[in-house]
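What follows is calculated from the coordinates using simple rules that are stated; it is not laboratory data. Owing to the predicted nature of the structure, the values given are computational and were not obtained by experimental measurement. Methodologically, a virtual Cβ is constructed for each residue, glycine included, from the backbone with ideal geometry; neighbour enumeration extends over all protein chains shown.
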Amino acid sequence: SAVISQKPSRDICQRGTSLTIQCQVDSQVTMMFWYRQQPGQSLTLIATANQGSEATYESGFVIDKFPISRPNLTFSTLTVSNMSPEDSSIYLCSAQPRDRGYEQYFGPGTRLTVT
Amino acid sequence: SQQGEEDPQALSIQEGENATMNCSYKTSINNLQWYRQNSGRGLVHLILIRSNEREKHSGRLRVTLDTSKKSSSLLITASRAADTASYFCATDWGAQKLVFGQGTRLTINP
């Protein structure tokens, strides 16, 4: 299995600012993902964080709004740029260890409130 | 969209009873997984069932998969207060990324 930590756990931000969320895995993993979970809703995949190359974004999500970095096999960041109240959500990262097939391990999430 | 549907959306039962949740999906899948999310926290992987499997057990959990009906069910037996959580099914079709269902909110009453 993999243990995943996220920072910050929560934040309250003003409209128009940006927040960078960090995701750290305790072991090397092949795949890392970023999800958004709006209040009371399911998870929606934002992008796949690819090590050493640009992230792969899902429909409805763009790099200018959600830039992602993945400098190595254990770390990734997601930035939420030029925030509006509609960006208020829980942001979760997940990792897929090499030996676990398609199982994903999730971080505790970052609860973002934009005022 | 590939996203699945779960029913019921919410389920409330007495401790000790069994809880059954259902998940339906739209296209062919490679695997189907179930996850649990305690309030406001990250998801915990419960069980994975492959498309060529029909039933799988893990402790008090039993998962069935019917690919002809594009549906799965999760049964939790002898429920406990600690089982109170949201439960999500998630499917993949070989692309490694997951698509999550809408979730079932389960409440176990003491």
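List of remarks:
- Residue exposure sequence - B:His45, B:His57 - by fewest surrounding Cβ within 10 Å: B:His57, B:His45
- Remark: the B:Thr67-B:Asn109 segment gains 11.8 nm on full extension, using 0.36 nm per residue and subtracting the alpha carbon distance.
- Within the same chain, lysines fewer than 8 places from A:Lys65 are excluded, and of the rest, those with a Cα less than 29 Å from its Cα are A:Lys7, B:Lys97.
- Remark: segment B:12-19, residue by residue, has Karplus-estimated 3J(HN,Hα) of 10, 9, 8, 4, x, 7, 8, 10 Hz, where x stands for each Gly or Pro and the curve is 6.51 cos²θ - 1.76 cosθ + 1.60 at θ = phi - 60°.
- When the Gaussian network model of chain A links Cα atoms closer than 10 Å, the mean-square fluctuations of A:Val80, A:Val62, A:Val29 top out at A:Val62.
- The rule of thumb for compact globular proteins, 2.2 N^0.38 Å, goes into the C-alpha radius of gyration of segment B:1-44 1.40 times.
- Whole-angstrom Cα spans of segment A:1-86 along principal axes, big to small: 35, 24, 24
- Working from label points 7 Å from Cα in the Cα-to-Cβ sense, the A:Thr20 to B:Arg60 distance is 4.4 nm.
- Surface/4 of the Cα convex hull for segment B:53-110, nm²: 4.9 nm²
- Over segment B:8-110 - Rg/Rh using Cα atoms and the Kirkwood inverse-distance radius: 0.96
- Max mean-square fluctuation residue, GNM over chain A, Cα-Cα springs under 10 Å, options A:Leu92, A:Leu43, A:Leu19: A:Leu43
- Dividing the Cα radius of gyration of the protein assembly as shown by its Kirkwood radius returns 0.97 for Rg/Rh.
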